[in-house]
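Undergrad: Can you keep this structure in mind? I'll have questions shortly.
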Amino acid sequence: MSTAPWTLTLAEASARIADGALKPSTLLRSCLERVAEVEPRLNACIRILEQPALAAAEALDRETPRGPLHGIPVGIKDIIDIAGEITTCHSAQLLDNRKAEDAIVVARLRAAGAVFPAKLSTHEFAIGGPAFDLPFPPARNPWNTGHHPGGSSSGSGASVAAGMFPAALGTDTGGSVRHPASHCGIVGLKPTYDLVPRAGVFPLAFTLDHVGPLTRTVEDSAIMLEAMTGNAYRGEIAGGLSGLRIGYVRNFHEKDQPAHPEMAASLDAAAALLAAHGATVRDIALPSLNDFAVVNRTLLGAESASIHEFWLREAPEKYAGVTRRRLLPGMFVTGADVVQAQRHRAKLLAAVQAAFEEVDILLCASSMDPAARIDDVPEVERTYPRQARTAFNVTGHPAITLMSGLSSGGLPLSVQFVAPAWREALLFRAAAGYEALAGFKGMRPPL
């Protein structure tokens, strides 16, 4: 019995397109059929771009494959511009915001042969939260649609996990690529700060924003990043764990924000698995997560307020309530607060840099809890900041999150790897080594 094309990973689909066994238009139609099947339960898409995507795929059918992204459907978070399409940022403020040009990262993916079938749900302006007072409903978790999928790249995470698309683009200012990856059981990469251009991406915080891919496997993430940057990364993926020095950051989930027992157990299991297969694993301490969070909160508040000041004054009613609550405190951040935050940021960066003098890779938590119910507002608010992702937006180091198990409630657990700046190839090597051993590669929800 043949496998439906939508079930293929990016690398698998790419191989079939390259050898002529699969046409880009056939792959896209299969993905669109999957969208029609599951989207009514997930709300992952703000707009389906069926006709332009089909036209592009049919043109690609007639071309010699350009490379591994030739004919691959990629969903785009709706704060990232696609030429001729509206970028709403999931907000009533921008319902008519039609863009003339592709974001640079979209242009690069298009040149590599990708097609763009949908603009995907986000939290409003990538800062709100699951909200029901917006023009579009919030995305839901494909492992259990009563739960939220993580944010703010919520539609990106849900769509990839559900098999709607092999890959999607998201953005990450305090963890917003890695959060949905954690909650949806997929791979989410935050590259080194400034590695991926942000032109054409609606900003949240200029010094913290990153653009990154969400995929089903580590190899697929590397393929995406190669097209997004023009750099080569896959050469080290097969390097294995032998000889890697891994620092296990226990204080994040044991002391700073004690993790759910099942999440903590999955992290210990990951460390033991790495040590049993050639890596040298040792405990290493970093500054408290609270220190990183204060810096992130101060800078994000000030920078986002500078972007949203006009609307906050002139049209505050067009924001969701949760978005207003998260944006307004930034109006009261002073210049002195920003200066002190930047000074402390330098100290935190130095502490992480010092850790990389002793180890090659850091292993730590991503989320501290499985996904909360989407309608349990107090629990969403409680668990949302319980994470170890923001630290690496503050420092700019590349970080990747992937699945480390399932909770007793059937929701994904996760682990995070972090590498020195510009060492994405090394990061992929460590993550792929774990992925190959852990047994969760490409696992799909029973949707």
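The values are calculated or read from the model by the stated rules, or taken from the named source; none is laboratory data. Source: prediction; values computed, not measured. Reconstructed Cβ throughout: ideal geometry from the backbone, glycine too, with neighbour counts over all protein chains shown.
Undergrad: Look at residue 404 and say whether it is among the polar types (S, T, N, Q), modelled with pLDDT of 95 or more and over 20 Å from residue 282 (Cβ atoms).
TA: In short, no.
Undergrad: Take segment 422-443 and flag every residue that is outside any helix (DSSP H, G or I), among the charged types (D, E, K, R) and more than 25 Å from residue 158 (Cα to Cα).
TA: Scanning segment 422-443 gives a single hit, 423.
Undergrad: Also, I was wondering about something else. For residue 402, all conditions in the list (1) surrounded by 18 or more Cβ atoms within 10 Å (Cβ to Cβ); (2) without any contact (Cβ under 8 Å) to a residue 24 or more places away in the chain hold save one; what is the number of the exception?
TA: Evaluating residue 402 over (1) surrounded by 18 or more Cβ atoms within 10 Å (Cβ to Cβ); (2) without any contact (Cβ under 8 Å) to a residue 24 or more places away in the chain leaves (2) as the failure.
Undergrad: Could you please find all residues in segment 319-349 being among the aromatic types (Phe, Trp, Tyr) and closer than 17 Å to residue 92 by Cα?
TA: Result: 319, single match.
Undergrad: Tell me, which residue of segment 44-64 that is in contact with a Ser or Thr (Cβ under 6 Å, 6 or more places away or on another chain) and not in a helix (DSSP H, G or I) is surrounded by the fewest Cβ atoms within 10 Å (Cβ to Cβ)?
TA: So the residue we want is 46.
Undergrad: Which residues, counting only those in segment 51-86, are closer than 21 Å to residue 157 by Cβ and either of a type in the set (S, T, N, Q) or in contact (Cβ under 8 Å) with a residue 60 or more places away in the chain (or both)?
TA: Residues satisfying the conditions are 53, 69, 72, 73, 74, 75, 76, 77, 78, 79, 80, 81.
Undergrad: If residue 159 satisfies all but one of (1) in a loop (DSSP other than H, G, I, E, B); (2) in contact with a Phe, Trp or Tyr (Cβ under 7 Å, 6 or more places away or on another chain); (3) under 20 Å from residue 8 (Cβ atoms), what's the number of the condition it fails?
TA: Residue 159 satisfies every listed condition except (1).
Undergrad: Pairs under 7 Å by beta carbon, first residue within 17 Å of residue 264 (Cβ to Cβ) in segment 364-375, partner buried (at least 24 other Cβ atoms within 10 Å of the Cβ) and of a type in the set (Asp, Glu), six or more apart or different chains?
TA: Between residues of segment 364-375 that are within 17 Å of residue 264 (Cβ to Cβ) and residues that are buried (at least 24 other Cβ atoms within 10 Å of the Cβ) and of a type in the set (Asp, Glu), there is no close pair.
Undergrad: May I pose another question? Any idea which of (1) of a type in the set (Val, Ile, Thr); (2) more than 23 Å from residue 209 (Cβ to Cβ); (3) buried (at least 22 other Cβ atoms within 10 Å of the Cβ) is the one residue 394 doesn't satisfy?
TA: (2) is the only condition that residue 394 fails.
Here is a yes/no grid of residues against (1) closer than 28 Å to residue 159 by Cα; (2) surrounded by 16 or more Cβ atoms within 10 Å (Cβ to Cβ); (3) under 23 Å from the mean Cα position of the chain (by Cα):
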| position | (1), (2), (3) |
| --- | --- |
| 224 | yes, yes, yes |
| 231 | yes, no, yes |
| 237 | yes, yes, yes |
| 245 | no, no, no |
| 249 | no, yes, yes |
| 256 | no, yes, no |
| 268 | no, no, no |
| 275 | no, no, no |
| 278 | no, no, no |
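Undergrad: Tell me the residue from 266, 306 that is without any contact (Cβ under 8 Å) to a residue 60 or more places away in the chain and hydroxyl-bearing (Ser, Thr, Tyr), please.
TA: 306
Undergrad: Here is a check on your reading of the model: is residue 372 aliphatic (A, V, I, L, M) and within 26 Å of residue 287 (Cα to Cα)?
TA: Answer is no for this residue.
Undergrad: Which ones in segment 357-384 are closer than 11 Å to residue 417 by Cβ and in a strand (DSSP E or B)?
TA: 361, 362, 363, 364
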